[in-house]
Amino acid sequence: MLRPAILAIAVMLLPVPSSADERSSGLDQACPETLDFRIRGLASDEIVDLCASYRGKVVLIVNTASKCGYTYQYEGLEELYRQYRDRGLVVLGFPSNDFGGQEPGSEQKVQKFCRLTYSVQFPMFAKTRIRPPSSDPLYRKLGDLAGEYPAWNFHKYLLDRDGRLVGSFGSRVEPRSRQLVGSIESLL
């Protein structure tokens, strides 16, 4: 009879984290709803668990297209990624053919274009439907949370390290703009 009493006392003496900051790894927390998706990589059979791969990072999610007036933004997005990745930023690209048929090629062609034309190294994912009502689940979640869906290619959603949506930036907001860079730097 003494053993259960000793066990009960020992359990009561175990330290219990009192805040998220005191938790050792954060892995015991539920995945943020903005990252709770498994998505296939671009031109790949690999399935990426966004939560496992990007939890704890500042995440910039962008719908892209290779034949758009904003396609040059790939260069600025890659610059952001290279400049801030060691501080915790990741840029995630989601090619889409939803706006003006500006991403008509195969995923292999999209990948080749991005790498050869803009030296894109940030993670890119399978072609994605952006526009409601047929939005893919990730974009449905982001659009609902932001209260706005992308109106065109190169719309940017910014998530903080806890996966909270903290910004929605239209296509005209350049990757190197003060507005976007300031928002990113405040989160790093």
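The values are calculated or read from the model by the stated rules, or taken from the named source; none is laboratory data. Note that the structure is predicted; figures quoted are calculated from it, not measured. Using ideal geometry, Cβ is built from the backbone for each residue, glycine included, and neighbour counts are taken over all protein chains shown.
Scanning segment 36-77 for residues that are touching a Phe, Trp or Tyr at 6+ places or on another chain (Cβ under 6 Å) and assigned to a helix (DSSP H, G or I) yields 50, 73, 74, 75.
Residues that are within 19 Å of residue 38 (Cβ to Cβ), at pLDDT 95 or above and either touching a Gly at 6+ places or on another chain (Cβ under 6 Å) or among the hydroxyl-bearing types (Ser, Thr, Tyr) (or both) occur in segment 80-97; there is at least one.
Yes/no per residue for (1) over 12 Å from the mean Cα position of the chain (by Cα); (2) crowded, with 18+ Cβ neighbours inside 10 Å; (3) at negative phi:
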| position | (1), (2), (3) |
| --- | --- |
| 108 | yes, no, yes |
| 122 | no, yes, yes |
| 145 | yes, no, yes |
| 153 | yes, yes, yes |
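Here residue 93 passes the criteria (1) in a loop (DSSP other than H, G, I, E, B); (2) free of Cβ contacts under 8 Å to residues at least 60 places away in the same chain; (3) crowded, with 17+ Cβ neighbours inside 10 Å; (4) of a type outside the set (S, T, N, Q) except the one numbered (1).
The set of residues from segment 144-185 being in contact with a strand residue (DSSP E or B) (Cβ under 9 Å, 6 or more places away or on another chain) and either assigned to a helix (DSSP H, G or I) or aliphatic (A, V, I, L, M) (or both) comprises 145, 146, 158, 159, 165, 166, 173, 179, 180, 183, 184. Only residues that are without any contact (Cβ under 8 Å) to a residue 12 or more places away in the chain and closer than 20 Å to residue 100 by Cα were counted in segment 110-135, giving 2. For residue 54, the criteria (1) in contact with a strand residue (DSSP E or B) (Cβ under 7 Å, 6 or more places away or on another chain); (2) buried (at least 20 other Cβ atoms within 10 Å of the Cβ); (3) touching a residue at least 40 places away in the same chain (Cβ under 8 Å) hold in every case but one, which is (3). For segment 77-131, the set of residues classified as out of contact with any helix residue (DSSP H, G or I) (no Cβ under 7 Å at 6 or more places or on another chain), closer than 15 Å to residue 67 by Cα and of a type in the set (A, V, I, L, M, F, W, C) consists of 94, 99, 110, 113, 116, listed by residue number.
A residue that is among the polar types (S, T, N, Q), surrounded by fewer than 20 Cβ atoms within 10 Å (Cβ to Cβ) and out of contact with any Gly (no Cβ under 7 Å at 6 or more places or on another chain) occurs somewhere in segment 156-169.
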